[in-house]
Amino acid sequence: MSVYTRVEAAEVAAFLRDYAVGELLDLQGIADGIENTNYFVTTRGGRFVLTLFERHAEVELEYFLELMVTLADHGLACPRPIMADDGSYLRRLAQRPAALVERLPGKAVNEPSVAQCAAVGEALGRIHRIGRHVHRRRSNERGPAWWRVTADALRGVLQADTMALIDAEIAFQAAFDTQHLPRGVIHADLFRDNVLFEGERLSGVIDFYAACNDILLYDLAICLNDWCVVPDGDFDDARARAFVAAYVSGRAPVAGEAAALPAMLRAAALRFWLSRLYDLHFPRAGEITHVKDPGHFERILRLRIAQPQRTARLWPA
């Protein structure tokens, strides 16, 4: 979402000639996020988001696009990829794979309400159910193997006590048994800036470019650590209970998931702490960059380690 690859209006206008969307009227770079280059595109035929993929292989991009088409076909409010005249969803622009998708109405919220958290919980459950219809599979590239590689890369720049915490958490997660936990398609990055609202109504779930196949409960943990916390990282119980209740109303949990939630919350905090640390110490060059505070997820991880019992009150009886 930061702009790493700059394109001019004339290049985009030429690119759009292969789509039935009309003449280009406006082009604006999007300054949020860290992975891909994104532009808002307005044409005579509507409003769209143009994404230039900076690092994904085409087989991965086919997974993302199939997922988005499947979710949209099943009624989830998510951006539908636009098909080019040749029947493809993926083309090339500025020597990058590129896709054009619908731009949905609404805006992200910084301080979600209880009702908004419930709406996201319900949407997450729908993603996990609908994901069964996606035929392609993609491993989680930010899973335990990546944790270890990233920790080693950071070893020379972090304080010894910080590295000790990271190493201890990686060891804890390696010893934790997850074989009994249901797996399927997960969003893997469903933070507040990836959901759009019009008032209390959820109008769009966006940015599926981290989606993969992994533990469903881990996806729930990622959301709880963002949507349902106060500034110090502790839970807002009302929001968290509403989120979980809405989620399990549509994707019934299996035995053992409630007991595994504390560990999954720790795993989710570790993953995003590591990625923010890496982005801080090894930034990528880009015209617009946006590096988020790693300390936020360090605080969350320390809280989840110290207070595993806090999750007991979040799960419906």
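The values are calculated or read from the model by the stated rules, or taken from the named source; none is laboratory data. Remember, it's a predicted structure, so these values are computed and weren't measured experimentally. Quick reminder, even Gly has a Cβ in these numbers, built from the backbone with ideal geometry, and neighbours come from all protein chains shown. For accessibility, only protein heavy atoms count, side chains too; no ligands or nucleic acids. Shrake-Rupley method; radii C 1.70, N 1.55, O 1.52, S 1.80 Å.
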Legend entry - Relative contact order for the chain, counting Cα pairs under 8 Å that sit 6 or more residues apart, in percent: 19
Legend entry - Ranked packing of 15-26, 260-271, 72-83, most packed first, by mean Cβ within 10 Å: 260-271, 72-83, 15-26
Inset, instruction - First select every other residue whose beta carbon is under 14 angstrom from the beta carbon of GLY256; then total the charges, Lys and Arg +1, Asp and Glu -1. - result: -1
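So, by mean Cβ neighbours within 10 angstrom, what's the order for 140-148, 186-194 with the highest one leading?
186-194, 140-148
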Legend entry - Selected from ALA168, GLN95, ALA31, residue furthest toward positive end of dipole (the chain; charges at beta carbon): ALA168
Inset, instruction - Pop out the carbon and sulfur fraction of the accessible area of the chain as a percent, whole number, probe 1.4 Å. - result: 52
Inset, instruction - Pull up all non-local amide H partners of ARG47: gap of 5 or more, or a different chain, and H-to-H distance under 5 Å with H placed in the peptide plane. - result: ARG103
Legend entry - Extreme residue, positive dipole direction of the stretch 96-138, given options ALA115, GLY125, HIS135 (C-beta unit charges): HIS135
Inset, instruction - Give, in nm to one decimal, the length gained when the segment between ARG136 and ARG47 is fully stretched (0.36 nm per residue of separation minus the Cα-Cα distance). - result: 29.2 nm
Legend entry - Calculated from backbone phi, Karplus (6.51, -1.76, 1.60) coupling profile of the stretch 179-194 in Hz, x at Gly/Pro: 4, 7, 8, x, 10, x, 6, 10, 6, 6, 7, 8, 8, 4, 7, 10
Inset, instruction - Among ALA175, ALA119, ALA108, determine the one that fluctuates most according to a GNM of the chain built with springs between C-alpha atoms less than 10 Å apart. - result: ALA175
Inset, instruction - Scan around CYS212 for amide H atoms under 5 Å from its own, H built in the peptide plane at 1.01 Å from N, and keep only partners 5 or more places away or cross-chain. - result: ILE186
Inset, instruction - Assign one of three labels to the stretch 45-89, namely rounded, prolate or oblate, based on the Cα gyration tensor with a ≥ b ≥ c the square roots of its eigenvalues; rounded applies when a/c is under 1.5, prolate when it is not and a/b is larger than b/c, and oblate otherwise. - result: oblate
Inset, instruction - Note the full-extension length gain between LEU280 and ALA13 as 0.36 nm times their separation in residues minus their Cα-Cα distance, in nm to one decimal. - result: 92.6 nm
Legend entry - Calculated [θ] (222 nm, deg cm²/dmol) that DSSP helices of n ≥ 4 give over the chain, each run adding -39,500 (n - 2.57): -13500 deg cm²/dmol
Legend entry - Surface per residue (accessible, 1.4 Å probe) for the chain, Å²: 43
Inset, instruction - Please check which bits of the stretch 62-76 a label hung off SER203 would reach, taking the label as a point 7 Å along Cα-to-C-beta and the cut-off as backbone N under 19 Å. - result: 72, 75-76
Inset, instruction - Between VAL69 and ARG6, with labels modelled 7 Å along Cα→Cβ, what's the label distance in nm to one decimal, could you check? - result: 3.5
Inset, instruction - If a/c stays under 1.5 just call it rounded; otherwise compare a/b with b/c (prolate if a/b is bigger, oblate if not). Do that for the stretch 1-95, with a ≥ b ≥ c from the square roots of the Cα gyration tensor eigenvalues. - result: rounded
Legend entry - 3J(HN,Hα) from dihedral phi, the stretch 45-60, Karplus parametrisation 6.51/-1.76/1.60, rounded to Hz, x for glycine, proline: x, x, 10, 9, 10, 9, 10, 9, 8, 8, 8, 7, 6, 4, 5, 5
Legend entry - Three-way shape call for the stretch 29-154 based on the alpha-carbon gyration tensor, with the a/c threshold at 1.5: rounded
Inset, instruction - In debye, nearest 20, what is the charge dipole magnitude of the chain about its Cα centre with +1 on Lys and Arg Cβ and -1 on Asp and Glu Cβ, if you could check? - result: 540
Inset, instruction - Using a 10 Å cut-off on Cβ atoms, rank the peptides 301-312, 195-206 from the highest mean neighbour count down. - result: 195-206, 301-312
Legend entry - Where GluC sites (Glu not before Pro) fall in DSSP loop in the stretch 210-317, at most 12 other Cβ within 10 Å: GLU287
Legend entry - Vicinal HN-Hα couplings computed from phi for the stretch 105-118 (Karplus, 6.51 cos²θ - 1.76 cosθ + 1.60; Hz; Gly/Pro x): x, x, 8, 6, 10, 8, 10, x, 7, 4, 5, 5, 5, 4
